[in-house]
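To start, the structure under review is shown below, and the notes come after it.
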Amino acid sequence: MADVASSLGSEWRAWLAENVVRGVASARLVDTLVSAGVPLASAHAEIEATRAHPAVAEGLRRMRPHEDMLSLLDTRVALHRHSGRHQRMARQEHLPVPTLMERYYLAHEPVLLAGFMRDWPLMTNWRLEALSRRYGDVEVEVMTGRESRADHDVEPDACRAVMRLGEFLRRLEEGGPTNDLYLTARNFALEREELRGLLDDVRYPPGLLRASTRAGAVKLWVGPAGTRTELHHDLGTVLFGQVFGRKRFRLIPSFHTHHVYSHLEVWSQVDADRPDFTRFPSYREADVLEVIVEPGDMLLIPAGWWHWVHALDVSVSVTFQEFDVPEGNTWWKLG
């Protein structure tokens, strides 16, 4: 943002109005303004003047019916911190499925399941050389040109391209780290008849997952080192499996939604890799868990939990959203 030492410009006034309506603590706003060069007395005066502005006052009035909900979320944040689970990602190995479902799926808590897929056929059959040998001539849709479009996650259609899977995999191995080329769930690879044989390599542990013909029940992700998915949440719980390479995740609990500057329904405005605390001061309150998912690991991501993803290597991943529960999942209903 521009310097505000002399007076608040329009950009800073808009920032202040937004964060006052969002309920960011006055002390946090004062600290930000003072660090930007505003005298302490002026910072307090600007905040009070902003609160008195008719448009801001109306915004605050409209927010009052939500204050009880925000207070409930803050209570949940406090309880989570008291438990210590905000400081570490649960990691389990050889966890019985009934315990997994009770302790994590039903409790709305994430967990890293170390080596969960180690014996699944996909660990061998979905390696790059095997994919190229078996399916190299199949045409697939991929995302390209992502680096030049900041909106590629929310406006994917402009990035779609078609190429043979073998050519795509060759480019991954030879091209080096990039966020420019990615076969994502939006490319519907496993919906293609020519690639349906990949599902023969998947396993569905009873009580956890179930086979389904529902579109999107199982999704394939293939990309180079360097691919990123910005901070967002899914509408249902996801079981993420890493087949090849490694991915770094940052996760934020669903009850921190009022701290992540949500927009466009499921996306955050914050860059979780380099958060701008001046522009998004409430993000300082968000508890962030970080974990690296290794080949064979699975990560349970509860519905509504915010997550940011970065591939550390050329990567093949699979995700599941059809659990062995009524309706296949518990879905977040927007609007």
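The values are calculated or read from the model by the stated rules, or taken from the named source; none is laboratory data. Not measured: the values here are computed from a predicted model. So basically every Cβ, Gly included, is an ideal-geometry build from the backbone, and we count neighbours across all protein chains shown. Remember, those area values only see protein heavy atoms, side chains included, never the ligands or the DNA or RNA. Shrake-Rupley method; radii C 1.70, N 1.55, O 1.52, S 1.80 Å.
Selection among 121, 107, 178 by position relative to the dipole of the stretch 75-205 gives 107 as farthest towards the positive end (Cβ unit charges, Cα centre).
Estimated at 0.36 nm per residue, the fully extended path between residue 191 and residue 66 surpasses their Cα-Cα distance by 40.9 nm.
Charging the Cβ of each Asp and Glu at -1 and of each Lys and Arg at +1, and nothing else, the dipole of the stretch 56-138 about its Cα centre rounds to 160 debye. Look at where the Cα atoms of the stretch 105-139 and of the stretch 231-270 average out, and the two centres are 20 Å apart. For the stretch 56-187, the share of accessible area belonging to carbon and sulfur comes to 48 percent (1.4 Å probe, ligands and nucleic acids excluded). Residues 247, 219, sorted by accessible area with the largest first, give 219, 247 [1.4 Å probe; ligands and nucleic acids excluded].
Since only 282, 239, 206 are under comparison, the one whose Cα sits farthest along the positive direction of the charge dipole of the stretch 174-324, derived from C-beta charges on Lys, Arg, Asp and Glu, is 282. In this rough spin-label picture, where each label sits 7 Å from Cα along the Cβ direction, the residue 85-residue 284 distance is 2.7 nm.
Can you compute the charge dipole magnitude of the stretch 82-180 about its Cα centre, using +1 on each Lys and Arg Cβ and -1 on each Asp and Glu Cβ, nothing else charged? Give it in debye, rounded to the nearest 20.
Details: 14 positive and 17 negative charges, 95 e Å.
It works out to roughly 460 debye.
Once the 1.4 Å probe is applied to the protein heavy atoms, the chain comes out at 48 Å² accessible per residue.
Just to confirm the number: angle between the C-alpha axis of helix 54-63 and the first principal axis of the chain, 0 to 90 degrees, nearest 10? Tilt relative to the chain: about 50 degrees. The distance between label points at residue 28 and residue 107 comes to 2.8 nm (points 7 Å beyond Cα on the Cα→Cβ vector). Judged by the gyration tensor of its Cα atoms, with axes a ≥ b ≥ c, the stretch 103-184 is oblate; a/c meets the 1.5 cut and b/c is at least as large as a/b. If the chain linking residue 158 and residue 118 were pulled fully straight, counting 0.36 nm for each residue of separation and taking away their Cα-Cα distance, it would gain 10.7 nm.
Summary of packing: across the peptides 160-167, 312-319, the per-residue average of other C-beta atoms within 10 Å ranks them, highest first, as 312-319, 160-167.
Each Lys and Arg adds +1 at its Cβ and each Asp and Glu adds -1 at its Cβ; summed about the Cα centre, the stretch 1-86 shows a dipole of about 380 debye. Computed over protein heavy atoms with a 1.4 angstrom probe, the accessible surface ordering of 228, 203, largest first, is 203, 228.
Counting only protein chain heavy atoms and rolling a 1.4 Å probe, the accessible areas of 117, 63 rank, largest first, as 63, 117.
If you plug the beta carbon distance of residue 133 and residue 174 into 1/(1 + (r/R0)^6) with R0 = 25 Å, you get a FRET efficiency near 0.90. Positive end of the dipole of the stretch 48-102 (Cβ unit charges, origin at the Cα centre): among 66, 86, 53, the Cα lying farthest that way belongs to 86.
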